[in-house]
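A short write-up of the structure that comes next.
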Amino acid sequence: MDKAGTERKLQLQELEEIILDAYENSRIYKEKTKKFHDKHILQREFHIGDKVLLYNSRLRLLKGKLRSRWDGPYVVTNTFYYGVVEIQKISTGRTFKVNGHRLKQFHEVLKESLVEEVNLYDAIYLS
């Protein structure tokens with residue numbers, strides 16, 4: 001009877017060690033996946049006066065798959081800790097705070113550009 005009791009205690013201790021090893025392996029796996037995920041997140045920095053576009057997450061409810069999901073442009077009026085950015089709509093002047101992950105830089109198109117036309121027929125046969 002004593003031998004069976006000690007055998008059972010050893011089995012319970014082994015089971016406890018297996019459970020603790022499983023918890024440790026789970027913690028290590030979670031740390032590695034978090035590190036991998038955080039490595040691929042883009043850290044964006046916005047400065048006061050930058051023009052940005054705002055991602056419209058409610059657009060998926062509307063029809064039209066070719067519509068742009070980006071709304072704007074907006075002007076950054078202030079930045080806060082933890083990625084919070086205060087933006088102002090240029091047309092209406094309305095100011096509100098959004099998460100910085102929902103923003104991207106707005107690059108204005110140059111209106112005046114010099115385009116030189118070259119006739120390929122003349123370039124090939126006249127040279």
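The values are calculated or read from the model by the stated rules, or taken from the named source; none is laboratory data. Bear in mind that the values here come from a model prediction, so they are computed numbers and not experimental data. Virtual Cβ from ideal backbone geometry, glycine too; neighbours counted across all protein chains shown. With ligands, DNA and RNA removed, areas are computed over all heavy atoms of the protein, side chains included. Shrake-Rupley method; radii C 1.70, N 1.55, O 1.52, S 1.80 Å.
How large is the direction-averaged shadow of the alpha-carbon convex hull of the chain, in nm²? Quarter of the Cα hull surface area: 20.6 nm².
Angle of helix 2-39 to the longest C-alpha principal axis of the chain, folded into 0 to 90 degrees and rounded to 10: 10°. Think of a 1.4 Å ball rolled over the protein heavy atoms: the chain then has 95 Å² of accessible area per residue. Share of carbon and sulfur in the accessible area of the chain stands at 55%, probe radius 1.4 Å.
Computed from the Cβ-Cβ distance with R0 of 30 Å, the FRET efficiency linking E117 to Q88 stands at 0.10. The phi torsions of the stretch 69-76, fed into the Karplus equation with coefficients 6.51, -1.76 and 1.60 and a -60° offset, translate into couplings of 8, 9, 10, x, x, 10, 10, 6 Hz, rounded to whole numbers, with Gly and Pro shown as x.
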